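Inspection log for the structure reproduced underneath, given as structure tokens.
The values are calculated or read from the model by the stated rules, or taken from the named source; none is laboratory data. Computed from a predicted structure; not experimentally measured. Methodologically, a virtual Cβ is constructed for each residue, glycine included, from the backbone with ideal geometry; neighbour enumeration extends over all protein chains shown. Areas reflect the complete protein model, heavy atoms only, side chains present, ligands, DNA and RNA absent. Shrake-Rupley method; radii C 1.70, N 1.55, O 1.52, S 1.80 Å.
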Amino acid sequence: IHPVGEGLGMRDFWIYVWLRRAALIAAHVTGLGLTIVISVLSRPGTTQDLIICFLEGYCLCMTEGILLFSAEGTIFCLKSRKNKVRFHWLCQALALVAAAVGLGFILASKVVSELPHLVSWHSLMGCCTLAASLLQAGCGTCLVFHKQLRLSSSPARLKLYHDTCGLVVYLLATGTIMLAMVSDWFQATVKGAAWWLMAVLPLFPALVAMNQITNAYLPRKKISS
């Protein structure tokens with residue numbers, strides 16, 4: 001039983017479980033939905049390519065890579081932890097590749113247009129997200145190859161570092177995506193209540209992922225029947 005659900009009666013506990021499962025499904029749908037909608041609205045060959053790549057990398061791939069280890073289960077048919085770890089690596093690698101491709105698009109666009117680089121909060125936070133992603137990937141590599149690298153830190157401590165860094169990366173990526181929603185292009189394309197909805201939707205998968213990571217380290221309490 002999940003540590004956060006401990007201390008609840010059986011009826012309240014099952015309500016809690018189903019609410020968590022509903023939130024998990026909604027996080028999957030939100031990540032995929034945002035990626036599809038913005039991809040349809042964007043124009044290929046423009047600076048919007050960076051937004052699409054960030055969404056595909058972080059809002060979709062990284063979200064699935066994190067929720068893969070949810071206590072409520074996963075949408076993928078993966079039972080063993082070894083297979084989950086492998087798929088997690090694949091998702092994180094795809095997120096980094098997508099972010100790197102997006103960075104390449106935006107750099108090429110700025111050079112062709114002769115525009116200055118790193119002049120907006122969106123671009124600055126995007127760079128911070130990429131830097132933190134590389135650090136998080138390094139922590140994950142140390143965790144997987146702990147014996148081969150003969151590291152002094154224990155696997156449990158490395159896992160804590162990796163998960164914490166992953167949470168920071170995800171929150172930075174969420175902030176980057178939300179800043180993209182206030183760009184001139186997006187505000188001109190989506191208006192009114194639809195804009196407010198799209199602007200806050202990235203927060204939902206982030207809250208679900210943050211809840212999953214933090215709950216993994218909460219102290220367990222005795223369960224009451």
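Summary table below
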| quantity | calculated |
| --- | --- |
| Top-ranked residue in the range 185-208 [being of a type outside the set (A, V, I, L, M, F, W, C) and part of a helix (DSSP H, G or I); ranked as farthest from LEU55 (Cα to Cα)] | GLY192 |
| Top-ranked residue of the range 176-185 - restricted to ones that are of a type in the set (A, V, I, L, M, F, W, C) and under 21 Å from the mean Cα position of the chain (by Cα), ranked as farthest from GLY102 (Cα to Cα) | VAL182 |
| Boolean, LEU171 is closer than 21 Å to LEU207 by Cα and part of a helix (DSSP H, G or I) | yes |
| Near pairs, Cβ below 6 angstrom, 6+ apart or cross-chain, from the range 119-140 (touching a residue at least 12 places away in the same chain (Cβ under 8 Å) and closer than 16 Å to ALA95 by Cβ) to any residue that is surrounded by fewer than 18 Cβ atoms within 10 Å (Cβ to Cβ) and charged (D, E, K, R) | none |
| Within the range 119-149, tally of residues that are out of contact with any helix residue (DSSP H, G or I) (no Cβ under 7 Å at 6 or more places or on another chain), closer than 17 Å to ALA99 by Cα and open to solvent by 70 Å² or more (accessible area, probe 1.4 Å) | 2 |
| Test: VAL182 is surrounded by 13 or more Cβ atoms within 10 Å (Cβ to Cβ), touching a Ser or Thr at 6+ places or on another chain (Cβ under 6 Å) and closer than 30 Å to ALA22 by Cα | no |
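For every residue, the table says whether it meets (1) closer than 17 Å to CYS53 by Cβ; (2) in contact with a Leu (Cβ under 8 Å, 6 or more places away or on another chain).
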site: VAL85; (1), (2): no, no
site: TRP89; (1), (2): no, no
site: VAL97; (1), (2): yes, no
site: GLY104; (1), (2): yes, no
site: LEU107; (1), (2): yes, no
site: SER113; (1), (2): no, no
site: HIS122; (1), (2): yes, yes
site: LEU130; (1), (2): yes, yes
site: LEU135; (1), (2): no, no
